[in-house]
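Coordinate-derived values only; no laboratory data. The structure presented is a predicted model; accordingly, all values stated were derived computationally and were not measured. Don't worry about glycine lacking a Cβ; one is built from the backbone with ideal geometry, like all the others, and counts go over all protein chains shown.
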Amino acid sequence: MSHAHVPIDLSDRNIELGSTGSVARLACFALGILALIAAILLAVTGNVEWPVFWRSWLQNWIFVLEISLGTLFFVFIQHLTKAGWSTVVRRPAEVLASNLNWLWLGFVPIAVLIFMGDAGKLFPWTDMAMLAEEAPEEAHLVEGKLAFLNVPFFMIRAAIYFIIWAFLGTWFLRMSIRQGRDGGLAATRTMQKMAPVAAILFGLSVTFAAFDWMMSLSPAWFSTMFGVYAFCGTATCGFSVMIIVCLLLQRNGYMVNLITREHYQDMGKFLFAFGMVFWAYIGFSQYMLIWYANIPEETGWFLARQLGEWGWFSAWLLFGHFCIPFVFLISRHPKRDWKTLMIAAVWMLFFGWFDVYWLVMPMIPHDLASFATYDAAAEAYASERTGIFRPVNWLLLVGMLSIFAGVTIGRLRSHPLVCRKDPWLDKSVGFENF
Amino acid sequence: MSTLTTKPKKTKVAKPADPNRPHMYGMIAEFETPAQILKAAEKVRAEGYKWWDCCTPFPVHGLDKAMGIRQTILPIIVFFMGMSGTLTAFVLQAFTNATDWSVWAMVWVTGYPYLISGKPLLSTPAFIPVMFELTILFSALTTVGLMFAFNGLPQLYHPLFRSKRFRRASDDRFFVVIEARDPRYFKARTSEFLKSLDPVAIEEVED
């Protein structure tokens, strides 16, 4: 039942951005384009090697993609569970997810690179001759996977993911907008019917996309848990950005008395559960099986993430992505206070990015199997650098994130910030945690 | 049904002993809707009563706030008990698998350094599943055990069960219960006050 003592304010002033944010939008686009150009210039002028540039491009693009995928997950999970509480925060999530209809653009350069046959340093299986020369044993293993890992099938799969995501991302937004205009329960029912389909398609596409774009960077390595791990990454990034967007809207005087601390507490719970605890659970499950079995072709992937600086990097990931925010966010109070929740969301967003960096950037040295002991390998590669402070990483991050933010602001402006005629709006506004 | 989790201090107030009068438990007022009980709860609280409660057939949103119930300390205890579960599991496994110390725990217990598939003796990753399980176990047992203790459960009998009217508390009626041990409880004054809340009925319940 609803205890909204304050009347629900659905006036344009409260839930329509109108012309506000045009400066922020322009600034985002300008900053984004400048940063991208600067990053490309760094590569063109030879300050950054092209393989490093493309790896960084792939990493930052996957990071931005994960934000949208995480919010898409949020949207359909609400319909799947027929949740009423989230009605007031669903529109920002729908808008963020609708970015999936253009994010495929970031994949185009990589596709071109693969078609030109220059992607051997990025996806070794695209250049088997080079792989056979550098690491014949690894090439032998990868040969068995070529029925799956070949350029035409890889591109077909990518196209399928993009079609699924673009369709789902825009479909939920379109339905919700239509409902905001016409009202009625029919749209809610239709979205609820679509939700299980969306869940299955989402699960499969995210899993295989993770196999394709992150696992196949080290094609000899395999982990069946990897798709779930990547899903946790989408949850981390998506929920963090959702919280940040809602908070920014409210700090700027919108959605007043619509989103309450009860909703923030629940979004914080989502971030805590999926982005933090489930991530650690899956990450550890993946690590422990490989660590325990101790088979060289499996352990190499983790060993590469322990050599030299990567050891500290991995430790930072464990503490920054799990231990520290776990203690910080476990109580209900930091989830209900906007300042602490904002800190937690920004922190988790950063570590979402950090996690993708950890997944994409390290390269497994080809001669790892030739060392007699762990210590010998660790000593030989003691000078491994993570390169996290390379300007190109940060330029690409700022570039892609800014353009993403610019488009998102534009789309937030063109629709009301909440579905006006959603049948559960009352219920959602008056929602309270126990 | 919501209960006071942190009880106020017991205050003894001398009352004129009347041997002819049976010992009373308190007074109940019956309401028909959640909105009414919310309003009533706020007034009872404002009146300064300490030993009182609301009984509802289902959780009523906002009732805790209306009654002024403070948050329970339970989550904090659970957190630290969970952490001690983690620590217990780690110490137990590290001691039994990675040391050869002898410790007297009723009998002499000796650690047995046991090499498994060439891993170091102190292999934390292998310990983590048990650490996780004991964290959950300690937290869960603490939660359930202290929840019972704080609520005074198990309680097989309660004076309110005497009242026939009160049975509808588990069906469709909402009750405010003011206990006789409250220092502000005086039969005439309390029933006057409860009447002012506009209930369906008022009843005094014997202890």
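Quick rundown of the values:
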{"item": "GNM flexibility winner over chain A from A:A111, A:A119, A:A186 (Cα, springs under 10 Å)", "result": "A:A186"}
{"item": "Ordering of A:367-377, A:220-230 by burial proxy (mean other Cβ atoms within 10 Å per residue, highest first)", "result": "A:220-230, A:367-377"}
{"item": "Zone of A:L146's modelled label, taken as backbone nitrogen in segment A:200-231 under 16 Å from a point 7 Å along Cα→Cβ", "result": "A:219-220"}
{"item": "Candidates A:A345, A:A97, A:A382: whichever shows maximal mean-square fluctuation once chain A is modelled as a Gaussian network with Cα springs under 10 Å", "result": "A:A382"}
{"item": "Eligible aspartates and glutamates near B:K195 by straight Cα distance, threshold 14 Å, same-chain separation 8 or greater", "result": "B:E30, B:E47, B:E203, B:E204"}
{"item": "Sparsely packed trypsin sites (Lys or Arg not before Pro) within segment B:35-137, loop by DSSP, other Cβ within 10 Å at most 13", "result": "B:R70"}
{"item": "Choice from B:V177, B:V78, B:V91 with maximal GNM fluctuation in chain B (Cα, 10 Å cutoff)", "result": "B:V91"}
{"item": "Local electrostatic count, B:R45, Cβ distance below 14 Å [Lys/Arg +1, Asp/Glu -1]", "result": "+1"}
{"item": "Mean-position separation - Cα centroids, segment B:91-111 and segment A:120-140, in angstrom", "result": "51 Å"}
{"item": "Helical mean residue ellipticity (222 nm; -39500 (n - 2.57) per DSSP H run of 4+; nearest 500) of the protein assembly as shown", "result": "-19000 deg cm²/dmol"}
{"item": "Förster radius 41 Å - calculated FRET efficiency between B:T88 and A:L80 (Cβ-Cβ, nearest 0.05)", "result": "0.60"}
{"item": "Whether segment B:74-150 is rounded, prolate or oblate, judged on the alpha carbon gyration tensor where a/c under 1.5 counts as rounded", "result": "oblate"}
{"item": "Crossing angle, helix B:34-47 versus chain B [Cα axis fit, 0-90 degrees, rounded to tens]", "result": "90 degrees"}
{"item": "Exercise: per-residue mean of other protein chain Cβ atoms within 10 Å, B:61-70", "result": "2"}
{"item": "Helical segments meeting 27 Å axial Cα length and Kyte-Doolittle -1.0 threshold in chain A (DSSP H)", "result": "A:22-44, A:50-80, A:151-182, A:186-213, A:226-251, A:338-360, A:391-414"}
{"item": "The protein assembly as shown shape via C-alpha gyration tensor axes, a/c threshold 1.5", "result": "oblate"}
{"item": "Relative packing of B:115-126, A:201-212, which averages over residues the other C-beta atoms within 10 Å, highest first", "result": "A:201-212, B:115-126"}
{"item": "Range in chain B, longest, excluding exposed chymotrypsin sites (Phe, Trp or Tyr not before Pro) [loop by DSSP; at most 14 other beta-carbon atoms within 10 Å]", "result": "B:1-100"}
{"item": "For residues of B:111-121, the mean tally of beta carbons on other chains within 10 Å", "result": "1"}
{"item": "Coil-residue trypsin sites (Lys or Arg not before Pro) of segment A:40-122, DSSP, other Cβ within 10 Å capped at 14", "result": "A:K82"}
{"item": "Sites A:A378 and A:A24, calculated FRET efficiency, Cβ-Cβ separation with R0 45 Å, nearest 0.05", "result": "0.45"}
{"item": "Shielding by partners, peptide A:423-432 (average Cβ within 10 angstrom, other chains)", "result": "1"}
{"item": "Local net charge near A:A405, Cβ-Cβ under 14 Å (Lys/Arg +1, Asp/Glu -1)", "result": "+3"}
{"item": "Exceeding the 21 Å Cα-Cα cut-off - candidates A:K82/A:K193; A:K82/B:K65; A:K82/A:K339; B:K43/B:K187", "result": "A:K82/B:K65; A:K82/A:K339"}
{"item": "Modelled FRET efficiency - R0 30 Å, A:L289 with A:F167, Cβ distances, 0.05 increments", "result": "0.30"}
{"item": "15 Å beta-carbon shell around A:F222, net charge (K/R +1, D/E -1)", "result": "-4"}
{"item": "Within segment B:141-207, trypsin sites (Lys or Arg not before Pro) in DSSP loop having at most 10 other beta-carbon neighbours inside 10 Å", "result": "B:K164"}
